[in-house]
């Protein structure tokens, strides 16, 4: 890194000074603004201390919310309910299609309805431990507290959670926990929660509280006088670049798993909004923390466009195994019980098949590396329901997982009631994201980041059924409080889209589009994207080492070069043009991927999802280095220079640092 | 194991191409060779599109996103069937093993007056959003809720509510209906809310407003052919339309 001890990208104003302090000439220390006092009281006290705006005055303020998944739809609805003028943007033809819709298994809450001694503290504890001690205690505790309010609110909205015969809500278990705290609606929990939030949002659209902009993609963040004050969007149907001004900008645009080309994310999921914000001064935290989900349908061929997840809830009743002998080519039913290795149950007798995702994924990879993988490619393990069908009956299994089994059958043409499923890990979720403080504000004043798009609560590994919880906690309950305080204290000047900052941002977006259209090369965006995905999966996937990461650092700039010299796009910028949309997203993936690799290289430890082969225990488990890396890495973008790494130190007062064990 | 079939098949696609909403569309024929039977229908289209781009021809525009059968974005009519030949399936869940070597496959957009074509296979389904805006929710502001266990709901009722709530808003029911009726879509939401105690407070207003909006948007009415239930990728039952009618009668006369 070249030493340029200049001011950081974020201007040094009173807010930034509170959030950022120099540790030395090179490194900033990020201050999360977590409130003091007892853990249990922090959020309540903070809410009391945040400034209020009278109901009549709230209507004078405007908020832009980008994204309509759980976090974005919930934020738009709850802010409009309070009276703010909200503008909501989504990339699809309807807000209801945001990718939260595809979340299957469930949502955690500390209700203790199962009477198995669950509590807010236990959910907090499990989440900190599951994240391998790389999350902020104050945030995670607040998340656990709010989990119960989420369930109450969603039931009030008519979300049809599964119920037992007494009419009460049913729970199931998820990885990384020894209690049943996961609320669910068959394998369609994300869909039901999202439709609840979408309904709440549509209600506000109808009453005029929300201006709704579907089929829009955010191309630039507008920062005026040091504050986030608007966005530039492309109308995907007409190609028109539109400028939108507001008092505050909220990004809820999801994660960046599609860097890998093949992931379980939807096809349009992308990193452009967060990456544009990063380039305008928002620090990017822990970009290398990507979750590889253990139970996905294996890759079948070279034309595959995406991967399909099979909910973790299946590990409640499914048993994971491979043959004991390498190269055993018999069909699964021909392999007798005594020649099977139920390796998760063998290695982790306490948690068994319900170990956290990172652990289950790495163990699957290890079996495949040992030559004990199954199926035609040998890159899969079995998830077997035969015992459960025998014990509980087919009807019960059908009730619990019917739609998942059906989905598996459609994709593979195999019947999982008869044959065990074949599964393999796939990229699924990104714990990294834009750095935010306790108020969910990024290092750009007035820019808030919610849900998967921020880095906040899951540390180095997210537990199953916690993404829905976090998106809704951020959107329904946190953002309205913290945005209000900002609006009440920031003394914002009125702004219009004629401001120079808007003109510059619009010109930048327009120039990028033109440049993409005029390359006139020979390769499609997908071809280059697929190649990037292979590099990332190979060198920055389930396990990483310095040598491989070095190779990725050499390969990515070459791909970027190829992209900007040899891309071919058909059509024009003035109409619906899927190729242009893809190209814009791939351009940003080609930059973000390099930051992910840099982050993975500089974090010389293993923790959670980030497994550096050089740093492991004798039993091949992740070996943290708390002396050097008990912190969040937050990267600052510098034009023309390598990104600079800053840190937010983490301290653990309530859950003592310990080696994670699920044995 | 995957049933042994041909390693690859060759097909011919007849696809509706229409450059924009005002243009006159037409079918274009494209041969597609070497299709992996294990690939999905949309992956086959991806491959075709990739080769079109290489020939400097604009690729076929179609809506799609999750490719897991849950977002409701994909919407085409394949060989006369919305979402293709398989029941209980979206287009993105179709796999090429359903087709034979040498098949001609006709692909066109959902056709209904309230769903104008935007480009090729992409249509405007915003009318469905407007039906939801009219009342497809429970008016519960954030922060009002009592404990989730205050109101037990009979499992039978909760299950019926869920079966209705499974609607993905794709509009196949409209596309297949000879009247272009959106009754199954609307009934799914009305029925979900009517089955739950928390949804009953607003039941009369909800059903009246949603039906009025549906009619104003130009959707037709139901003549009980049941075609919608057959093509619905989530197999939402016609019984919900019966409940919708009961709810409407109740709202009008009680």
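Only one of the listed residues (A:472, A:468, A:447) is under 25 Å from residue A:276 (Cβ atoms) and in contact (Cβ under 8 Å) with a residue 60 or more places away in the chain. That residue is A:447. Any idea how many residues of region B:87-113 are closer than 26 Å to residue A:195 by Cα and within 14 Å of chain A (Cβ to nearest Cβ)? The qualifying residues number 10.
From the list A:171, A:235, the one residue that fits, being more than 10 Å from every other protein chain (Cβ to nearest Cβ) and closer than 28 Å to residue A:308 by Cβ, is A:171. Just one of the numbered conditions (1) farther than 30 Å from residue A:647 by Cβ; (2) in contact with a helix residue (DSSP H, G or I) (Cβ under 7 Å, 6 or more places away or on another chain); (3) buried (at least 24 other Cβ atoms within 10 Å of the Cβ) is not true of residue A:171: (2).
Only a single item in (1) part of a loop (DSSP other than H, G, I, E, B); (2) surrounded by fewer than 19 Cβ atoms within 10 Å (Cβ to Cβ) is not met by residue A:372, and it is number (2).
Kindly indicate the residue of region B:114-128 that is more than 9 Å from chain A (Cβ to nearest Cβ) and assigned to a loop (DSSP other than H, G, I, E, B) and also surrounded by the most Cβ atoms within 10 Å (Cβ to Cβ) among those meeting that condition.
Looking only at region B:114-128, we keep the residues that are more than 9 Å from chain A (Cβ to nearest Cβ), and these are B:114-117, B:121, B:127.
Remaining after also requiring assigned to a loop (DSSP other than H, G, I, E, B): B:114-116, B:121.
On the way: B:114: 22, B:115: 23, B:116: 15, B:121: 25.
Among those that are more than 9 Å from chain A (Cβ to nearest Cβ) and assigned to a loop (DSSP other than H, G, I, E, B), it is B:121.
Residue-wise test of (1) in a strand (DSSP E or B); (2) within 14 Å of chain A (Cβ to nearest Cβ); (3) surrounded by fewer than 20 Cβ atoms within 10 Å (Cβ to Cβ).
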residue: B:5; (1), (2), (3): no, yes, yes
residue: B:12; (1), (2), (3): yes, no, yes
residue: B:20; (1), (2), (3): no, yes, yes
residue: B:31; (1), (2), (3): yes, no, yes
residue: B:34; (1), (2), (3): yes, yes, yes
residue: B:45; (1), (2), (3): no, yes, no
residue: B:52; (1), (2), (3): no, yes, yes
residue: B:63; (1), (2), (3): no, yes, no
residue: B:68; (1), (2), (3): no, yes, no
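Could you list, in sequence order, all residues of region A:145-168 that are at the interface with chain B (Cβ under 7 Å from one of its Cβ atoms) and farther than 22 Å from residue A:401 by Cα?
Passing the criteria: A:152, A:153, A:156, A:157.
Applying a threshold of 9 Å to beta carbon distances and a minimum spacing of six or more residues, or different chains, the list of pairs starting in region A:477-504 at a residue that is away from chain B (no Cβ under 14 Å) and farther than 19 Å from residue A:225 by Cβ and ending at one that is at pLDDT 95 or above and not in a loop (DSSP other than H, G, I, E, B) reads A:482/A:46; A:482/A:441; A:482/A:448; A:485/A:49. Scanning region B:129-162 for residues that are under 14 Å from residue A:169 (Cα atoms), buried (at least 16 other Cβ atoms within 10 Å of the Cβ) and more than 7 Å from chain A (Cβ to nearest Cβ) yields B:157, B:159.
Condition check ((1) out of contact with any helix residue (DSSP H, G or I) (no Cβ under 7 Å at 6 or more places or on another chain); (2) surrounded by fewer than 20 Cβ atoms within 10 Å (Cβ to Cβ)) across all residues:
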| position | (1), (2) |
| --- | --- |
| A:537 | no, yes |
| A:558 | yes, yes |
| A:561 | yes, yes |
| A:573 | no, yes |
| A:576 | yes, no |
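For residues that are under 25 Å from the mean Cα position of the chain (by Cα) and outside any strand (DSSP E or B), scanning just region A:208-251, find the one that is surrounded by the fewest Cβ atoms within 10 Å (Cβ to Cβ). That would be A:214.
So that you can scan it fast, the table gives a plain yes or no per residue for (1) closer than 30 Å to residue A:649 by Cβ; (2) at pLDDT 95 or above; (3) in the same structural domain as residue A:578 (by TED's automatic domain parsing):
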| site | (1), (2), (3) |
| --- | --- |
| A:3 | yes, no, no |
| A:6 | yes, no, no |
| A:45 | yes, yes, no |
| A:104 | no, no, no |
| A:117 | no, yes, no |
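Of the residues making up region B:215-244, those that are over 11 Å from residue B:184 (Cβ atoms), in a helix (DSSP H, G or I) and touching a helix residue (DSSP H, G or I) at 6+ places or on another chain (Cβ under 7 Å) number 1.
Given the structure, is residue A:495 part of a loop (DSSP other than H, G, I, E, B) and touching a strand residue (DSSP E or B) at 6+ places or on another chain (Cβ under 6 Å)? Yes.
Scanning region A:297-321 for residues that are more than 10 Å from chain B (Cβ to nearest Cβ) and within 17 Å of the chain's Cα centre (by Cα) gives A:311, A:312.
The values are calculated or read from the model by the stated rules, or taken from the named source; none is laboratory data. Nothing here was measured: the structure is a model prediction, and the numbers come from that model. Here Cβ is always computed from backbone atoms with ideal geometry, including for glycine, and neighbour counts include all displayed protein chains.
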